[in-house]
Amino acid sequence: MKRQIINFVVGVTLLVLFFSCAKKQADMPIDTVSVSPGSQVKMKGEPLSLIGNAIEVGKQLPDTSLVDAKTMNSVNLNDYKGAVLFLSIVPSIDTKVCEAQTHYLGEQGDKLPSTVKRITISRDTPFAQVRFAEEAKLNDIQYLSDYKEGSFGRSIGLLIDGPMLLARSVILVDKQGIVQYIQVVPEITHLPDMEKAFEKAAELDKVILVP
């Protein structure tokens, strides 16, 4: 357990140091392709394995507990049936690319219908997530933490071996609780294609986006 904690802290530190030198959001590369959960991603070209049970389109999310950052209550995403879930998964919100992805979800995602539930998931502590939300003034997003053991990331094949952070990705879940869209960003220093995900989320909700 101590070794896992050390690996996790080292991983976060390395990402913070790297992303602190990242460009502004407008200049950040956007990946339009995806790799499969449970395969590999890269950081600056270096391969990183994804561990756990790979989630697939057409399957239900596994029953796994996350922690709501505001209430500190345990949350199971399968309890949210009846709403379209937009899951924006990031390694750490205290990095420039993750910050940009979360701002995109909070600001550009306002064009989504209110019945689409926007959720940011990371392995940051709930306290760090609350602090970020307050400083960024992004309080219309729900923040869920997988900080305890990374059990959510492992359950869907998105836990990065080594640093034990979550791979940058977007998952959309329909009102019946079935996964309908997955993008796992191949190069974790790049942003996901959020606009494509917005369109798909609106389609799942059967609402046309207003330009």
Just to be sure, is Gln60 surrounded by fewer than 17 Cβ atoms within 10 Å (Cβ to Cβ) and more than 30 Å from Lys206 (Cβ to Cβ)? no
Residue pairs, Cβ under 8 Å, 6 or more apart or interchain, first in the stretch 69-91 and closer than 21 Å to Asp124 by Cβ and touching a residue at least 24 places away in the same chain (Cβ under 8 Å), second among the hydroxyl-bearing types (Ser, Thr, Tyr) and surrounded by fewer than 23 Cβ atoms within 10 Å (Cβ to Cβ). List them. Val75/Ser65; Leu77/Thr64
Quick check: is even one residue across the stretch 175-188 surrounded by 21 or more Cβ atoms within 10 Å (Cβ to Cβ), within 12 Å of the chain's Cα centre (by Cα) and in a loop (DSSP other than H, G, I, E, B)? yes
Considering (1) surrounded by fewer than 17 Cβ atoms within 10 Å (Cβ to Cβ); (2) at pLDDT 95 or above; (3) aliphatic (A, V, I, L, M), say which one Val41 fails and leave the rest. (1)
Residues of the stretch 93-112 being assigned to a loop (DSSP other than H, G, I, E, B) and within 15 Å of the chain's Cα centre (by Cα), in sequence order, are Ile93, Asp94, Thr95
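Search the stretch 113-145 for residues being assigned to a loop (DSSP other than H, G, I, E, B), touching a strand residue (DSSP E or B) at 6+ places or on another chain (Cβ under 7 Å) and within 21 Å of Val84 (Cβ to Cβ), and hand back the single one that is modelled with the highest pLDDT.
As a first pass, look at the stretch 113-145 and keep what is assigned to a loop (DSSP other than H, G, I, E, B): 113-115, 123-125, 137-141.
This time we only want the ones that are touching a strand residue (DSSP E or B) at 6+ places or on another chain (Cβ under 7 Å), so: 115, 123-125, 141.
Still in the list and also within 21 Å of Val84 (Cβ to Cβ): 115, 141.
Working: Thr115: 89, Ile141: 95.
Restricting to residues being assigned to a loop (DSSP other than H, G, I, E, B), touching a strand residue (DSSP E or B) at 6+ places or on another chain (Cβ under 7 Å) and within 21 Å of Val84 (Cβ to Cβ), the top hit is Ile141.
The values are calculated or read from the model by the stated rules, or taken from the named source; none is laboratory data. Since the model is a prediction, treat every value here as computed from it, not as a measurement. So basically every Cβ, Gly included, is an ideal-geometry build from the backbone, and we count neighbours across all protein chains shown.
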